[in-house]
1. Which FRET efficiency value, to the nearest 0.05, is calculated for LYS114 and LYS225 with the Förster distance at 45 angstrom and r the Cβ-Cβ distance?
2. Distance in nm between label sites at TRP21 and ASN212, each 7 Å beyond Cα in the beta-carbon direction?
3. Can you tell me how much longer the chain between ASP48 and ARG79 gets when fully stretched, taken as 0.36 nm per residue apart minus their C-alpha distance, in nm with one decimal?
4. Give a residue-ordered list of calculated ³J(HN,Hα) values for the stretch 56-67 (Karplus: 6.51 cos²θ - 1.76 cosθ + 1.60, θ = phi - 60°; whole Hz; x for Gly, Pro).
5. Tell me, what HN-Hα J-couplings in whole Hz come from the Karplus equation 6.51 cos²θ - 1.76 cosθ + 1.60 at θ = phi - 60° for each residue of the stretch 148-163, using x for Gly and Pro?
6. Return the distance in nm (one decimal) between the two label points of a simple spin-label model at SER192 and LYS156, each offset 7 Å from Cα along Cα→Cβ.
7. In terms of modelled amide H atoms, which long-range or inter-chain residues lie less than 5 Å from the amide H of ASP191?
8. Can you run the Rg to Rh ratio on the stretch 30-173? Use alpha carbon positions and the Kirkwood inverse-distance Rh.
Amino acid sequence: EDRTGNWDEPAFGGTIKLSKWIHACNVEQTDDMLENFTSMPVTEEVNDALTPAKSILESLLKTPDNVSPEDSPLVKWVRDAKKDLRKTLVPYAGGLTISERAQIAHWFELNVSKDKKTCQNWIGFVPIAHAHTVFIASRLKDDPKYRDLDEKGRLKEAWAVLLSGTPPSDWMDVDVDRECIEKLEEQMFEDSAHAGIAGNQQCGLDAGSHQNSWNPYGGLPYDWKKGDREGSEGELQVRTLFNAVRFLQVQKVQMHW
């Protein structure tokens, strides 16, 4: 794109004050949500769906061998495969979003495991997979196709939904808005020959401090500093509007030479 008269001219960005925001590159991403699931607030929907199943979830965590296949389709699935209920991974999410799975995990820790040190015993295993199944079953209540089923019938259908869903992967939860904003920010703040003078921390230089003395150049990705242009001390001097115009004129004369 042509940046002439815009990003590559110091007077353009230098006379603008910015309100503080979190750079898109520093916004928590989907894989971070699952890793830091306790930061995800539990919604009323999740709480209402899982609370009635608290007892069986506790049993699946502590005494899984005592749980009947009639009460959990996962138990039948694991036993039919002749596997261990405590060690069998369940790599299915039934189309649940990352945020929904993070909320369910947070609820599970608060109400079932009640111990942050034991999450390795249930994340990815039968207990949390049953919680996913219960949550899906709660949503099936509103589907006319499943409305006449009893609780156990809906649970079996929910397990089928969980199995048919695509296993979790990053592409399922792409945040297009975040990626677009990140590309815009790279255009605004990168330090490169392509950015020209504007890349040498010109934003707000002449206008004064940004909101709360925020430094918009802090915490940016290392690869936004391309290293293909060497700025000068003169570019970092505060300029009045008159001097800024004069500075541009000098730069253009030098370019002609």
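Every number here is computed from the coordinates shown, using simple stated rules; none is lab data. On a predicted model such as this, the values are computed, not experimentally measured, just so you know. In this analysis, Cβ positions are derived from the backbone assuming ideal geometry, glycine residues included, and neighbour counts consider all displayed protein chains.
1. The calculated FRET efficiency here is 0.45.
2. 1.5 nm
3. 8.2 nm
4. Couplings: 5, 5, 5, 5, 5, 7, 9, 9, x, 5, 8, 8 Hz.
5. Each residue of the stretch 148-163 in turn: 8, 7, 7, 4, 5, x, 5, 5, 5, 5, 5, 5, 5, 5, 4, 5 Hz.
6. 5.8 nm
7. Answer set, sorted by chain and number: LYS225, LYS226.
8. My calculation of the ratio gives 0.93.
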